[in-house]
Amino acid sequence: MAILDNEDFRGFLTRIYPGLVIDDVPAPSGQRVVYFCHFEPDPALENEWPEWGNVVLKVSEGVSAQAIAYIQREIEILNRLAHPGYPTLLYDDVISEDPDTEVKLNPKLFVTIEERIDAQPLSELAENFCDENSVIDLLTKLILILKPLWEGRPPLVHRDLKPANILITPSNDVVVIDLGIVREEGASGVTFSAVAHGPCTPKYASPEQAINDKRNISFKSDFFALATLCYELLTGSNPYQEEDDLVEDVLDKVCNKIPESLHSLGLASEDFSRIIQKMMEKHPYKRHRKIEDLVVEIEAIRS
């Protein structure tokens, strides 16, 4: 059973971490509990918490080897990136027993504490990105942020780019969050699934994710998601999901539906529309072959 936010669980956390003050609970994030919080100084504590200010505390259960692998991977990646386009990881911990009773916990709890960024998710600010110039600017920023993932050693793929995982600050900077299902390019992965598709948000997934073609999941899969996101911002609706669609319907459209071009809809220039269409090609080999190829094409429009 997944952990749930309630008074007992909050009390458990404050016993584990004296000085913890939970300020708010944001929208659910996958299979974990997330809190906005801060730490208050306590003279009784031998070792006070650093002055982190407002933070985000996430608690996940290590219910399986797969779940533990995802948690450990996100911690490793955040520690390695140290990039302003991602939240800074301040602390991580594994809770294996109750602090009062010393009863062993099964499953163990994994805790991470990240800086809390003064920002709103793109899902709440879509109206600010409804013309070609603003969408091109957003896409450019996202590519620059994601390049360290795509060009890392080993290369990594985010796999879950969507408005809820993109934060916009008051100064219009962009931060990408939720690296829980990042995977190494071309790797066999850790996922065992009873369904045909791999980990993803279906309406932003690439066709190779929709059919769980692990060998072909690469930075080009993230290209597809970014293009879908841009298309949605400019048209006001997702090209692959309608209100009553089942997951199977959405994934079928991802694999087979060709959305009408943005240019033909009168929503983008022919050049930008062509870029988005290429990023949304069903076969990865038909998308931009190199990251720099995409950057060059976008810069040509911007200039």
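Structure above, values below:
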read-out: Residue in segment 133-149 that is assigned to a loop (DSSP other than H, G, I, E, B) and more than 20 Å from Ser206 (Cα to Cα) present; value: no
read-out: Scope segment 261-303; condition exposed (fewer than 13 other Cβ atoms within 10 Å of the Cβ), modelled with pLDDT under 95 and in contact with a helix residue (DSSP H, G or I) (Cβ under 9 Å, 6 or more places away or on another chain); matching residues; value: Arg302
read-out: Set Ser221, Ser188, Ser193, Ser171: member being in a loop (DSSP other than H, G, I, E, B) and modelled with pLDDT of 95 or more; value: Ser171
read-out: Residue satisfying condition, being within 20 Å of the chain's Cα centre (by Cα), surrounded by 17 or more Cβ atoms within 10 Å (Cβ to Cβ) and not in a helix (DSSP H, G or I), within set Tyr70, Tyr86, Tyr91; value: Tyr86
read-out: Sole exception among (1) in contact (Cβ under 8 Å) with a residue 24 or more places away in the chain; (2) in contact with a strand residue (DSSP E or B) (Cβ under 9 Å, 6 or more places away or on another chain); (3) over 22 Å from Leu149 (Cα atoms) for Ser96, by number; value: (1)
read-out: Given (1) touching a helix residue (DSSP H, G or I) at 6+ places or on another chain (Cβ under 7 Å); (2) outside any helix (DSSP H, G or I); (3) at pLDDT below 95; (4) not β-branched (Val, Ile, Thr), number of the condition Arg153 does not satisfy; value: (1)
read-out: Total residues in segment 235-246, condition modelled with pLDDT of 95 or more and either surrounded by 13 or more Cβ atoms within 10 Å (Cβ to Cβ) or part of a helix (DSSP H, G or I) (or both); value: 5
read-out: Near pairs, Cβ below 9 angstrom, 6+ apart or cross-chain, from segment 50-79 (over 22 Å from Leu105 (Cα atoms)) to any residue that is surrounded by fewer than 18 Cβ atoms within 10 Å (Cβ to Cβ) and among the aromatic types (Phe, Trp, Tyr); value: Pro50/Tyr91; Trp52/Tyr91; Asn54/Phe36; Val55/Phe36; Val55/Tyr91; Val56/Phe36
read-out: Residues located in segment 51-83, provided they are of a type in the set (D, E, K, R) and in contact with a Gly (Cβ under 7 Å, 6 or more places away or on another chain); value: Glu74
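The values are calculated or read from the model by the stated rules, or taken from the named source; none is laboratory data. Being a predicted model, the structure only gives us computed values, none of them experimental. Don't worry about glycine lacking a Cβ; one is built from the backbone with ideal geometry, like all the others, and counts go over all protein chains shown.
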